[in-house]
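**Student:** Shown below is the structure under consideration.
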Amino acid sequence: MKKLTVFLCIFFTISFLCVNSYAKYVIENMSLLANINIDGKIPKIEFLSVNNTNKSHIDYANKTHTITIQLGVKEKNIKEDNTEESMKFLLDDTEFVPESKQISKRKSGEYVYYTITLTGISGNGRLKLRVPKGSVIDNANQVNEEAVFDTGINIDNIAPVVNFTQEEIGGGIVNAKIKANERIIEVNSWNISEGSTALRKKFSCNVLYPFSVTDLAGNSTQIDVKIDKATKIKIRYGSISEGTVNNSQFGTGLNEIVGKDAIKENSALKIEAITMYWEGLDDDFIQTKCFINTYWGAGIQGACYTYGTRYNYGYNPSENEYATLANGNKINLDGKLTLLLGGTGMNREGNSGIGGESIPKEIANKHPFGISALSIKLRDESEYSIVYQAWIDGVGWLEPMSDGEETTYKHDKPIGAYRMSLIPKTEKEYLIESWKKDVGTNNMN
């Protein structure tokens with residue numbers, strides 16, 4: 001019995017010690033496992049988005065546009081991030097430094113977001129962004145792989161090479177063609193064809209004006225649209241400056257400046273009469289009135305020394321009327337009945353008009369009289385516009401006017417030269433913007 005008791009005591013003691021040892025082992029082993037941090041994924045650079053301020057053609061840009069790129073660094077355990085410093089920019093495969101670069105950074109969840117804004121990109125080629133290997137290191141010393149991202153945007157800073165041709169297609173109509181060496185944008189009223197590299201338009205009358213051809217990236221080349229073979233509609237406008245009829249000049253719609261030859265001899269000479277003739281349009285299609293400043297003033301008419309026609313001080317034919325080939329004074333010029341406003345001899349010494357006083361020599365020598373305001377309009381302005389511009393001695397070119405607007409500086413300050421053009425309404429602003437460059441100057445080219 002005594003032996004049995006001793007045996008049982010020894011057994012339970014050993015069992016208790018074994019249980020405690022096992023428990024201690026399990027607790028220590030669990031604590032060790034809790035401290036292990038396992039990360040099997042390397043840092044990843046992702047291309048998220050690109051934005052181009054060239055909204056009309058988002059795949060093309062030039063140095064005037066702003067490109068915004070967003071990248072994401074996917075890694076929650078970043079030890080070191082050199083993405084901002086290490087990223088490189090490429091055009092095709094050639095590295096370049098942007099003129100202006102701004103980079104912002106923010107963290108959200110397991111991502112670090114980079115927004116890169118580029119402006120003033122001067123080169124040419126496909127815009128790419130490269131993030132070198134090792135730009136991002138995580139806590140397990142794992143690094144990102146090199147990543148090259150194609151933005152899909154073609155940087156183009158080269159203006160298109162273009163050429164202009166005109167082809168007579170019958171009936172006095174000319175087909176104008178503008179051909180470029182690359183794709184160009186569409187232009188209102190012009191037909192685009194041949195893979196968006198050519199523009200075509202038909203013209204019925206001669207015209208000359210500057211025209212811009214723009215590629216998809218926004219680069220422009222300016223050329224002259226010069227139609228000089230159209231005969232369906234013909235116009236001829238002219239001026240007779242003070243002196244003799246030999247001071248006459250004519251234009252046919254190609255921006256010719258009439259009166260130029262006279263003012264080259266003496267800038268004080270004024271236009272005393274204007275002439276207009278047209279074919280292919282009704283006799284009342286082009287309508288004109290002018291203001292004439294004379295020595296005699298209101299109530300006394302003047303008589304043209306050359307053609308015998310009469311004119312009034314003030315508006316001719318009147319303030320509320322326009323002269324046309326159907327109702328105005330007509331003269332024979334080169335075998336064609338031509339509209340005449342005004343008359344020669346306005347500044348001639350001794351001219352007394354119809355019952356007025358004679359012009360004294362001292363006044364005649366100052367050349368103060370002539371046409372001082374001009375207004376031209378069309379009976380129908382749905383297809384064409386008429387554009388005109390006057391030059392004044394001591395003032396220069398005035399603002400170009402169109403479609404019935406009056407061009408004048410002062411009614412007692414006659415014009416020395418003018419130009420005009422019958423132009424398709426869709427092309428009107430090109431010509432006006434060109435002529436505006438001469439305002440206030442004496443450019444006669």
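The values are calculated or read from the model by the stated rules, or taken from the named source; none is laboratory data. All of these numbers come straight from a predicted model, not from anything done at the bench. Positions of Cβ are backbone-derived with ideal geometry, glycine not excepted, and every protein chain shown enters the neighbour counts. All accessible areas refer to the heavy atoms of the entire protein, side chains included, with ligands and DNA or RNA removed. Shrake-Rupley method; radii C 1.70, N 1.55, O 1.52, S 1.80 Å.
**Student:** With a/c under 1.5 counting as rounded, go ahead and sort segment 207-282 into rounded, prolate or oblate using the C-alpha gyration tensor (a ≥ b ≥ c being the square roots of the eigenvalues; past the cut-off, prolate if a/b is larger than b/c, else oblate). Walk me through the numbers on the way to the answer.
**Tutor:** Working: a/c = 4.28, a/b = 1.74, b/c = 2.46.
Oblate is the answer for segment 207-282, as a/c is 1.5 or above yet b/c matches or exceeds a/b.
**Student:** Also, quick follow-up: Tabulate in residue order the Karplus-calculated ³J(HN,Hα) for segment 355-362, using 6.51 cos²θ - 1.76 cosθ + 1.60 with θ = phi - 60°, rounded to whole Hz; enter x for Gly and Pro.
**Tutor:** x, x, 7, 6, 6, x, 4, 5
**Student:** May I ask for the distance between the Cα centers of segment 361-415 and segment 223-273, given as a whole number of Å?
**Tutor:** About 14 Å separates the Cα centre of segment 361-415 from the one of segment 223-273.
**Student:** Would you mind getting the accessible area per residue of segment 121-218, heavy atoms of the protein chains only, 1.4 Å probe, in Å²?
**Tutor:** Result: 43 Å² per residue.
**Student:** Same structure again: Each residue of segment 216-233 in order: what ³J(HN,Hα) in whole Hz does its phi give by Karplus 6.51 cos²θ - 1.76 cosθ + 1.60, θ = phi - 60°, with x for Gly and Pro?
**Tutor:** Karplus values, whole Hz, x for Gly and Pro: 5, 8, x, 7, 10, 10, 9, 10, 9, 7, 10, 9, 10, 10, 7, 10, 5, 10.
**Student:** With N set to the number of residues, divide the alpha-carbon radius of gyration of segment 64-211 by 2.2 N^0.38 Å and report two decimals.
**Tutor:** Expressed relative to 2.2 N^0.38 Å, the Cα Rg reads 1.65.
**Student:** Separate question: Would you mind telling me which residue in 398, 269, 333 has the biggest mean-square fluctuation in a Gaussian network model of the chain, where springs connect alpha carbons within a distance under 10 angstrom?
**Tutor:** Residue with maximal mean-square fluctuation among 398, 269, 333: 333.
**Student:** Restricting attention to segment 389-445, which trypsin sites (Lys or Arg not before Pro) occupy a DSSP loop and are surrounded by at most 14 other Cβ atoms within 10 Å?
**Tutor:** Listed in order of number, the matching sites are 437.
**Student:** Could you derive backbone 3J(HN,Hα) for segment 248-264 from the dihedral phi with the Karplus parameters 6.51, -1.76 and 1.60 (θ = phi - 60°), listing whole Hz in sequence and x where the residue is Gly or Pro?
**Tutor:** Values per residue, Gly and Pro as x: 6, 9, 9, x, 10, x, 9, 6, 5, 9, 8, x, 4, 5, 5, 6, 5 Hz.
**Student:** About the Cα centre, and with charges only on the beta carbon of Lys, Arg (+1) and Asp, Glu (-1), how big is the dipole of the chain? Nearest 20 debye, please.
**Tutor:** Using only the charged Cβ atoms, the result is roughly 1400 debye.
**Student:** Something else: Checking the a/c ratio against 1.5 first, then a/b against b/c, what shape does the Cα gyration tensor give for the chain?
**Tutor:** Here the chain falls in the prolate category.
**Student:** Please go through segment 122-151 and write out the trypsin sites (Lys or Arg not before Pro) that DSSP classes as loop and that have at most 13 other C-beta atoms within 10 Å.
**Tutor:** On the way: sites: 126, 128, 130, 133; in loops: 133.
For trypsin sites (Lys or Arg not before Pro) across segment 122-151 that sit outside H, G, I, E and B with at most 13 neighbouring Cβ atoms in 10 Å, the list reads 133.
**Student:** Amide H of residue 144 versus every other amide H placed in the peptide plane: which residues, excluding those fewer than 5 positions away on the same chain, fall under 5 Å?
**Tutor:** Result for residue 144 returns 134, 135, 136.
**Student:** What is the sum of charges around residue 270, taking Lys and Arg as +1, Asp and Glu as -1, for the other residues whose C-beta is under 10 Å from the C-beta of residue 270? Before the final figure, lay out each step's value.
**Tutor:** On the way: positive: 413; negative: 242, 272, 393.
Combined, the nearby Lys, Arg, Asp and Glu give -2.
**Student:** Is segment 394-445 rounded, prolate or oblate when judged by the Cα gyration tensor, a ≥ b ≥ c being the square roots of its eigenvalues, rounded requiring a/c under 1.5 and prolate requiring a/b larger than b/c?
**Tutor:** Note, shape of segment 394-445 comes out oblate.
**Student:** Further, regarding this structure: Lysine pairs in segment 340-445 8 or more apart or on different chains: how many have alpha carbons under 30 angstrom apart?
**Tutor:** 23
**Student:** Something else: Seen from all sides and averaged, what is the projected area of the convex hull of the Cα atoms in segment 209-340, in nm²?
**Tutor:** 11.5 nm²
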